[in-house]
Amino acid sequence: MISTVLTDRVRVFLNRFSHRLWVKPLLVCLLSIAVAFAAKLADGTELVEIAPKVSSASIEALLSVMASSMLVIATFSVGSMVSAYASAANTATPRSFILVVADDASQNALSTFVGAFIFSIVALTAVKNDYFQTAGLFILFLLTTFIFGMVIFTFVRWVDRIARLGRMATTIEKVEKAAADALTRRRNTPHLGGVSVRPQARGRAVYAANVGYVQYINIAAMQRWAEKNELRVVIAALPGTFAAPNRPLAYISADGAEQTEIDCTCVAESFQIGDTRLFDDDPRFGLVVLSEIAGRALSPAVNDPGTAICIIGTLVRLFTLWGEPAAVDDKPAPECDRVEVPHVCVQDMFDDAFTAIARDGAGVVEVAVRLQKALESLASSGDGDIRAAAEYHGRLALKRSQKVLDIEEDLQAVQDAAKFAESAASSNT
């Protein structure tokens, strides 16, 4: 249990830092300073006798070119990245901003440019003060040449990347990947390492000390607390839930008996609460963001039904992924048997994904038909919950289209596509 818990905590910690634009540049700056001074170590080795003599003037010239150009390129890259971030927020949704900022290629490019600038300044200062001897100058020349080549390669690769960063297709791809990762993690560990909720009295409610969204739950800390006090904890607020003073985060009980004298501070502190929702442990958030992108595309100001159709296809892929059975090796035995965690409700996931599209696209026949075909595809799933939710949303989307479509042929096309939902409803009755 300890290894799994540590892995999960490290993942959450690293994901938080990946969203900070300054982390990688800072690490590369420290590394570049260390590399510049590491060349001095060669002066105390046998390389002094065999290393070719390199003129300090040639190294100074190369470092001067790098120092004068890298800061300009770094400034240019930051400006381009900011423009891409604004484009992603304006054309897609502001909720996608955190994923665009975490783009590895852009962060690596900025880190390379800033790190090369710091390296050139430090190395140039050392060379002008005769810090290096023959072997040190030779190693420094090799390092400078290598870094210069790496900068050129990074810049060429980054230009191709920045041309796509912030574009609609790239943003949708990033959101889909984040949602797929969260869905896969939750599918493989549906109870977050705990056990399913038992049909019993919930017990004493535990409330949040502050208001915000549940971002992460430390199940292991709750397990230790529950074992120490011989209690059980029932989670009532999964990641993504809005924690308010009147909404319980969890319930504690001991064989159904209510607990009133136990200090529940540890339980409340095991919930990480922030101002915004995060993609990491909240599979529904990715669906919400995709739905927002489709809703904006269907607004009269944008009028882009093609993007909404693209989002519908993305949602079908995600729900198909959710409906796939987890591999046997991916189903670990429950580690925290005193912490009960509910399943993610499939009906709520469908509400997050398709309600806005069905509402805003009800009057756009191509979107309405495509939505019905997508729901029909999901209704053929072997998962009963997915099938029931797809049939329900198919009937609901048809009702919306019947309210707004005036052309008889358009309405007939939607009705033909929605026959799967109507036939399912009639068979159930």
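The values are calculated or read from the model by the stated rules, or taken from the named source; none is laboratory data. Note that this is a predicted model, so its numbers are computed, not measured. Quick reminder, even Gly has a Cβ in these numbers, built from the backbone with ideal geometry, and neighbours come from all protein chains shown. The accessibility values were calculated without ligands, DNA or RNA, using every heavy atom of the protein model including side chains. Shrake-Rupley method; radii C 1.70, N 1.55, O 1.52, S 1.80 Å.
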For this session: Go through (1) among the aliphatic types (A, V, I, L, M); (2) open to solvent by less than 60 Å² (accessible area, probe 1.4 Å); (3) in a helix (DSSP H, G or I); (4) at pLDDT 75 or above and name the single condition Val54 misses.
Result: (3)
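Any idea which residue in region 122-140 is farthest from Val78 (Cα to Cα), counting only those that are in a helix (DSSP H, G or I) and open to solvent by 70 Å² or more (accessible area, probe 1.4 Å)?
Within region 122-140, the match that is farthest from Val78 (Cα to Cα) is Lys128.
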For this session: Check off (1) crowded, with 16+ Cβ neighbours inside 10 Å; (2) part of a loop (DSSP other than H, G, I, E, B) for Ile273 and give me the number that stays unchecked.
Result: (2)
Exercise. Is region 168-181 home to any residue that is farther than 21 Å from Gly79 by Cα, touching a Phe, Trp or Tyr at 6+ places or on another chain (Cβ under 6 Å) and open to solvent by less than 50 Å² (accessible area, probe 1.4 Å)?
Worked result: yes
Exercise. For region 191-217, which residues satisfy the criterion of being assigned to a loop (DSSP other than H, G, I, E, B), touching a residue at least 60 places away in the same chain (Cβ under 8 Å) and surrounded by 16 or more Cβ atoms within 10 Å (Cβ to Cβ)?
Worked result: His191, Leu192, Gly193, Gly194, Val197, Ala208
Exercise. Among the numbered criteria (1) of a type in the set (Ser, Thr, Tyr); (2) touching a Leu at 6+ places or on another chain (Cβ under 9 Å); (3) surrounded by fewer than 18 Cβ atoms within 10 Å (Cβ to Cβ), which single criterion is violated by Ser69?
Worked result: (2)
Exercise. Does Gly149 satisfy the criteria of being without any contact (Cβ under 8 Å) to a residue 12 or more places away in the chain and under 30 Å from Met168 (Cβ atoms)?
Worked result: no
For this session: Please determine, by comparing only the residues of region 393-423 that are open to solvent by less than 60 Å² (accessible area, probe 1.4 Å) and in contact with a Gly (Cβ under 8 Å, 6 or more places away or on another chain), which one is modelled with the lowest pLDDT.
Result: Ala421
